[in-house]
1. Any residue at all in the stretch 300-316 that's within 26 Å of T250 (Cβ to Cβ) and touching a Lys or Arg at 6+ places or on another chain (Cβ under 9 Å)?
2. How many of the residues making up the stretch 175-187 are more than 12 Å from the ligand (Cβ to nearest atom), out of contact with any helix residue (DSSP H, G or I) (no Cβ under 8 Å at 6 or more places or on another chain) and in a loop (DSSP other than H, G, I, E, B)?
3. Which residue pairs have Cβ atoms closer than 7 Å, lie 6 or more positions apart in sequence or on different chains, and pair a first residue in the stretch 1-27 that is in contact (Cβ under 8 Å) with a residue 40 or more places away in the chain and under 17 Å from G202 (Cβ atoms) with a second residue that is within 16 Å of the ligand (Cβ to nearest atom) and part of a helix (DSSP H, G or I)?
4. Could you give me the residue pairs with C-beta distances under 6 Å whose first residue belongs to the stretch 202-214 and is free of Cβ contacts under 8 Å to residues at least 60 places away in the same chain, whose second residue is aliphatic (A, V, I, L, M) wherever it lies, and which are 6+ apart or on separate chains?
5. Name every residue in the stretch 1-39 that is on the phi > 0 side of the Ramachandran plot, exposed (fewer than 15 other Cβ atoms within 10 Å of the Cβ) and among the small types (G, A, S), in order of residue number.
6. Select from the stretch 51-106 the residues that are within 19 Å of the chain's Cα centre (by Cα), on the phi > 0 side of the Ramachandran plot and not aliphatic (A, V, I, L, M) and list them in ascending order.
7. Can you tell me which residue in the stretch 87-124 is farthest from the ligand (Cβ to nearest atom), limited to those that are of a type in the set (S, T, Y) and under 24 Å from N176 (Cα atoms)?
8. Which of the residues spanning the stretch 300-347 are over 17 Å from A101 (Cα atoms), in a loop (DSSP other than H, G, I, E, B) and among the polar types (S, T, N, Q)?
Amino acid sequence: MARIYNFSAGPSMLPEAVLLQAQREMLDWQGSGMSVMEMSHRGKHFMAIAEQMKADLIELLAVPAGYQVLFLQGGATAQFAMIPQNILNGKTKACYVNTGAWSTAAIKEAGKYCEVQIAASAEAASFTTIPAYADWQIDSGAAYLHYTSNETIHGVEFNDVPQVGELPLVCDMSSNILSRPVDVSRYGIIYAGTQKNMGPSGVTVVIVRDDLVGLETKNTPAVFSYAQQAKADSMLNTPATYNWYLLGLTLQWLKGEGGVGAIEQRNIRKAGKLYDAIDNSSLYRNPVDKAYRSRMNVPFVLSDPALDKEFLALAERNGLSTLAGHRSVGGMRASIYNAMPEAGVDALIAFMAEFERTH
Ligand code: PLP
């Protein structure tokens, strides 16, 4: 059976090598006589898998000493609530930057726990840009500043770490983690669901600086406490063992590809050629400010929306799948995470050119 190019925003394509290795090891993981799915999370086999996975993530992201690296459940959505529960530390306010649908979701959830100050918002610009740092309104009495480094739906990405003064910086990196090098030491918390660049869904990576661990409110549920999860090595309850294993295989693959620096070069090439194709056409258009265009999620609209349905149907028939934009914004979106081969982007570009020629 031929595999398609799947442009889904997540869960999304996994490297074929990861899927094949999982298949090979399905019934008998490395002579253990069992599937990883069947292993006790406290047994020696799974402990070895977990330790390697964590070490690989620390290596790939160059996480410095002084951080806890946690593997939790509940997705990035659970972090929207866990962050205020864990680090408000008696303060009543947090600052949030609103650059799109995912920031908006984080803001809504945080509002249940504290006053949210919108430090900056691109809503008036329909989330097609990032407000200049100089205009951000930051309250130094707030507990932290939260932003979303890549807006998966709107296709807007930060190219650097915001300069924000002294507040702990908290970042939702769900859709661009491991796609480019990042200076972890600049952050209080980095969190990301695994289902885009790190494996299938079911695990949330949370990297939290030690001084932000142990500040949770008294009634924080145990599984939502960074301190308790850190103490239990993210095994306060039974972890999503098979997903940890697949995350580990994906990290091994990334190391084999040359790591984050090497994948960044490929991501720059992939996104660059797709944006060029869009910009050089008269049928397609990307609405995002060129300085902040996402390398991971490339939204585009057709100048005649009446062609949308046909575009999608024909693309599907050509093995180019899940190109519809998010239902909230419409149009198209090509998500081209680490595991999308460059050949997949080339195939999409060729298809788009042919569609334009014939329509
Ligand atoms: N944040 C961003 C940037 C996302 O792209 C997503 C999901 O696509 C989420 C948060 C929510 O993640 P989850 O569904 O894993 O909770």
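1. Among the residues of the stretch 300-316, not one is within 26 Å of T250 (Cβ to Cβ) and touching a Lys or Arg at 6+ places or on another chain (Cβ under 9 Å), which makes the answer no.
2. 2
3. Close Cβ pairs (under 7 Å, with a partner that is within 16 Å of the ligand (Cβ to nearest atom) and part of a helix (DSSP H, G or I)) amount to L14/T250; V18/L246; V18/T250; A22/L246.
4. G214/A227
5. Those that are on the phi > 0 side of the Ramachandran plot, exposed (fewer than 15 other Cβ atoms within 10 Å of the Cβ) and among the small types (G, A, S): G31, G33.
6. G74, G75, G100 - these are the residues of the stretch 51-106 that are within 19 Å of the chain's Cα centre (by Cα), on the phi > 0 side of the Ramachandran plot and not aliphatic (A, V, I, L, M).
7. Filtering the stretch 87-124 for residues that are of a type in the set (S, T, Y) and under 24 Å from N176 (Cα atoms), the one farthest from the ligand (Cβ to nearest atom) comes out as S121.
8. Across the stretch 300-347, the qualifying residues are S303, N318, T322, N338.
The values are calculated or read from the model by the stated rules, or taken from the named source; none is laboratory data. Note that this is a predicted model, so its numbers are computed, not measured. Glycine also receives a Cβ, built like all others from the backbone with ideal geometry; neighbour counts cover every protein chain displayed.
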